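A.B. asks: Below is the structure I would like to discuss, written out as structure tokens.
No value in this document is a laboratory result; all are computed from the given coordinates. Quantities reported herein were computed from a predicted structural model and do not represent experimental measurements. Cβ coordinates were reconstructed from backbone atoms using ideal geometry, including for glycine residues, and neighbour counts include every protein chain displayed.
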Amino acid sequence: MNVPTVKGTAYDLSFKIRSDAPHGFSVGLQKGSADWHSYGLSRSLSSTGPTWQSVMLSFEATETATDGRLGFNVSSTTGTVWIDDVKMVPHPADIFRRDFDNGTVILNATNSAQTIPVTGSYRRLIGAQAPRYQYIIDDADAGFTAGTWSSVTYDSGLNVALGPWFHDWGKGCHQSSSTTDTATWDLGIRADDIYTLDAWWPAAPDATNWSSAVRYDVIVNGSVVATTTIDQTRNGDQWNRIASVALTKAAGAQVRITNLQSKPAIADAILVQSTARYNDGSDAPSVELDAKDAIILLKK
Ligand SMILES: [Ca+2]
């Protein structure tokens, strides 16, 4: 029936179902032709009965496609099953708010940044700890591009009793021994400010053989505005400062990595932190919250 989906988007599927005899059943959304693989929904549900039952299922689409086929499997039991009122709509953003006597708390439970209007008269707290913008761009994210770097994993895992312990950021990293191959993280700058930029690579035992001269350039409009060369044979499994630099939303910025030796260099993750503080006391007619982030506001 060609149900369209967008990868990473959450949907709510609702329908009514009843049957003359108890039936277990399952619901799935899958590719509309061979190999019929799932697009993110495959759910078995408890038995139906003679009374109409309303069902709502939320799921996240795993692919962008236009040939989704929604299927109901009603088991091998003989009988009649009625299905009605089938609807699939985008799941509303999971934004939660709780008001208190002197303030409110807003939580963004979605997987993307959200700008949220704040009804009522509120202002931010005042505090020095949290940066206004603080996020990590991993080599697994859309902002990362690399030439012929290979995907590798250097990770001792969790819950390991004996060391050495080492971790790449997220699920892996990229590696190259070429001195002509570069890789780039787009920083997605959202406000003009002075930003600190830090790089992560794993403290793997193999690091003793890695490049001791890896150059990180900060690029704005094609020009290098800051540069530093780092020894990746040491100081892994921690954030290493590569620059503190003024950047603008209009011009944006990238970090580009260049390996200066014919030994393995690692491109993993970049930490971006603004000078501006998250809790700056300012009025909050709306707030911008990153994925899975929350804010406490004071009543004015
Ligand atoms: Ca990574």
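A.B. asks: How long is the range 125-261 along each principal axis, judged by its Cα atoms, biggest number first, in Å?
C.D. replies: Taking the Cα atoms of the range 125-261, the three principal extents are 44, 42, 24 Å.
A.B. asks: Here is a further query. With the cut-off at 20 Å, tell me which of the pairs 171/263; 171/249; 16/87 have Cα atoms farther apart than that.
C.D. replies: Numbers: 171/263 22 Å; 171/249 29 Å; 16/87 10 Å.
Too far apart for the 20 Å limit: 171/263; 171/249.
A.B. asks: Describe numerically, in nm with one decimal, the distance between label points set 7 Å from Cα along Cα→Cβ at residue 244 and at residue 213.
C.D. replies: In this crude label model, residue 244 to residue 213 measures out at 2.7 nm.
A.B. asks: While we're on this one: Per 10 Å bin, what percent of the C-alpha pairs of the range 48-119 does each bin hold, from zero upward?
C.D. replies: 11, 31, 25, 20, 11, 2, 0
A.B. asks: Applying a 10 Å radius around every beta-carbon, put 83-92, 283-292, 259-268 in order of their mean neighbour count, most first. Intermediate values should be presented prior to the final figure.
C.D. replies: Numbers: 83-92: 12.5, 283-292: 14.6, 259-268: 21.1.
Output ranking for 83-92, 283-292, 259-268: 259-268, 283-292, 83-92.
A.B. asks: Round to the nearest 0.05 the FRET efficiency obtained for residue 42 and residue 81 when R0 = 25 Å and r is the Cβ-Cβ distance. Before the final figure, lay out the partial values.
C.D. replies: Details: r = 19 Å, r/R0 = 0.75.
My answer for the efficiency is 0.85.
A.B. asks: For residue 288, list long-range residues whose amide hydrogen, built 1.01 Å from N in the peptide plane, is under 5 Å from its own amide hydrogen.
C.D. replies: Residues meeting the amide H criterion: 116.
A.B. asks: For residue 67, put the label point 7 Å out on the Cα→Cβ axis and report which residues of the range 29-44 keep their amide N under 20 Å from it.
C.D. replies: Answer for the range 29-44: 29-42.
A.B. asks: Send over the semi-axes of the chain's equivalent ellipsoid, whole angstrom and largest first, taken as the square roots of 5 times the C-alpha gyration tensor eigenvalues. Before the final figure, lay out the partial values.
C.D. replies: Details: eigenvalues 391, 173, 61 Å².
Largest first, the chain gives 44, 29, 18 Å.
A.B. asks: Where the eigenvalues come from the Cα gyration tensor of the range 69-194, what are the semi-axes √(5λ) of the equivalent ellipsoid, largest first, in whole Å? Mind dumping the intermediate values first?
C.D. replies: Values: eigenvalues 289, 217, 69 Å².
Output for the range 69-194: semi-axes of 38, 33, 19 Å.
A.B. asks: Given H placed 1.01 Å from N in the peptide plane, which residues other than close sequence neighbours of residue 169 have an amide H under 5 Å from its amide H?
C.D. replies: none
A.B. asks: Can you tell me which aspartates and glutamates have their Cα less than 16 Å from the Cα of residue 300? Leave out same-chain residues fewer than eight positions away.
C.D. replies: 99, 101, 280, 283
A.B. asks: Now for a separate question. How much net charge surrounds residue 165 when only other residues with a Cβ under 10 Å from its Cβ are counted (Lys, Arg +1; Asp, Glu -1)? Can you show the working numbers first?
C.D. replies: Values: positive: none; negative: 155, 237.
The answer is -2.
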